[in-house]
Amino acid sequence: MITFLGDVAILNRNVFSEYTPRTPYIFNLEYVVSNGTEKPALNKINICSDFKDFERLFKSNPQAVNIANNHTLDYGIQGFETTLQAMQQKNIATIGGDSVYWLNPKTCILSYTMFNGKTDDISLVDFESEKAKNQIAEARNRGADCVIVLMHWGIENYENSVKSQREIGHMLIDNGADFIVGCHSHCIQPIEMY
């Protein structure tokens, strides 16, 4: 069993959580793990926090984090590399970029990002339907019984999915994905059985 959490960004060091995960969990890492000394990206909201905040909040480490999102490069390649190093030091897998995550020998997790319905030019794994189709097929060829796709998509603070989300979700399922797990909207959006 695995638990998927949504977007996690530690914007305030005084925040705490009464939630303690009881199963292995995965979430969208919506910030750079860094002390913020790297040069920030221009003309956007940039988020970073120390790894200690992350550990304090959850009291246990996730099995993996999604890095295919619009904050991964908030502090450039240096901030991205610092984040990867922090995850590696704690044995936390990253999903996104060129990394395909195998939860177990029969379950594969892929990850892509779209930002407000269009491809985001400052992220690491922009959604391309042909690439997604190929990666799903490759996972199936390698023996995956279950393919989960994490999609960083939708409109922030909008409690409904939009047409493009539904179309892409259907296309992913039609091409062999079993589950689509969404993040980015910062609120709960509907579940659809297709």
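The values are calculated or read from the model by the stated rules, or taken from the named source; none is laboratory data. Note that the structure is predicted; figures quoted are calculated from it, not measured. Don't worry about glycine lacking a Cβ; one is built from the backbone with ideal geometry, like all the others, and counts go over all protein chains shown. All accessible areas refer to the heavy atoms of the entire protein, side chains included, with ligands and DNA or RNA removed. Shrake-Rupley method; radii C 1.70, N 1.55, O 1.52, S 1.80 Å.
General remarks:
- Scan the range 19-45 for residues that are over 18 Å from TRP153 (Cα atoms), open to solvent by less than 80 Å² (accessible area, probe 1.4 Å) and modelled with pLDDT of 80 or more and the total you get is 9.
- Residue within the range 66-75 that is over 25 Å from GLU138 (Cα atoms) and modelled with pLDDT of 90 or more present: no
- Every pair of residues 6+ apart whose Cβ atoms lie under 9 Å, when the first sits in the range 72-86 and is on the phi < 0 side of the Ramachandran plot while the second is hydroxyl-bearing (Ser, Thr, Tyr) and in a helix (DSSP H, G or I): THR72/THR83; TYR75/THR82; TYR75/THR83
- Taking the listed residues PHE51, PHE80, PHE16, the one that is open to solvent by 50 Å² or more (accessible area, probe 1.4 Å) and over 22 Å from PHE179 (Cβ atoms) is PHE16, with no other qualifying.
- Complete set of residues in the range 139-178 that are of a type outside the set (A, V, I, L, M), within 18 Å of ALA68 (Cβ to Cβ) and in a helix (DSSP H, G or I): SER164, GLN165, GLY169
- Applying a threshold of 7 Å to beta carbon distances and a minimum spacing of six or more residues, or different chains, the list of pairs starting in the range 1-27 at a residue that is closer than 23 Å to SER185 by Cβ and ending at one that is of a type in the set (Asp, Glu) reads ASP7/GLU30; VAL8/GLU30; ALA9/GLU30; ILE10/ASP53.
- Scope the range 56-77; condition part of a helix (DSSP H, G or I), open to solvent by 30 Å² or more (accessible area, probe 1.4 Å) and more than 22 Å from PHE4 (Cα to Cα); matching residues: ILE77
Residues checked against (1) within 15 Å of the chain's Cα centre (by Cα); (2) of a type outside the set (Lys, Arg); (3) under 24 Å from MET151 (Cβ atoms):
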site	(1), (2), (3)
THR20	no, yes, no
ASN28	yes, yes, yes
ASP50	no, yes, no
PHE58	no, yes, yes
PHE80	yes, yes, yes
ASN91	no, yes, no
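- Residue within the range 135-147 that is in contact with a Ser or Thr (Cβ under 9 Å, 6 or more places away or on another chain), open to solvent by 40 Å² or more (accessible area, probe 1.4 Å) and modelled with pLDDT of 90 or more present: yes
- Qualifying residue in the range 182-190 (condition: among the hydroxyl-bearing types (Ser, Thr, Tyr), open to solvent by 20 Å² or more (accessible area, probe 1.4 Å) and not in a helix (DSSP H, G or I)): no
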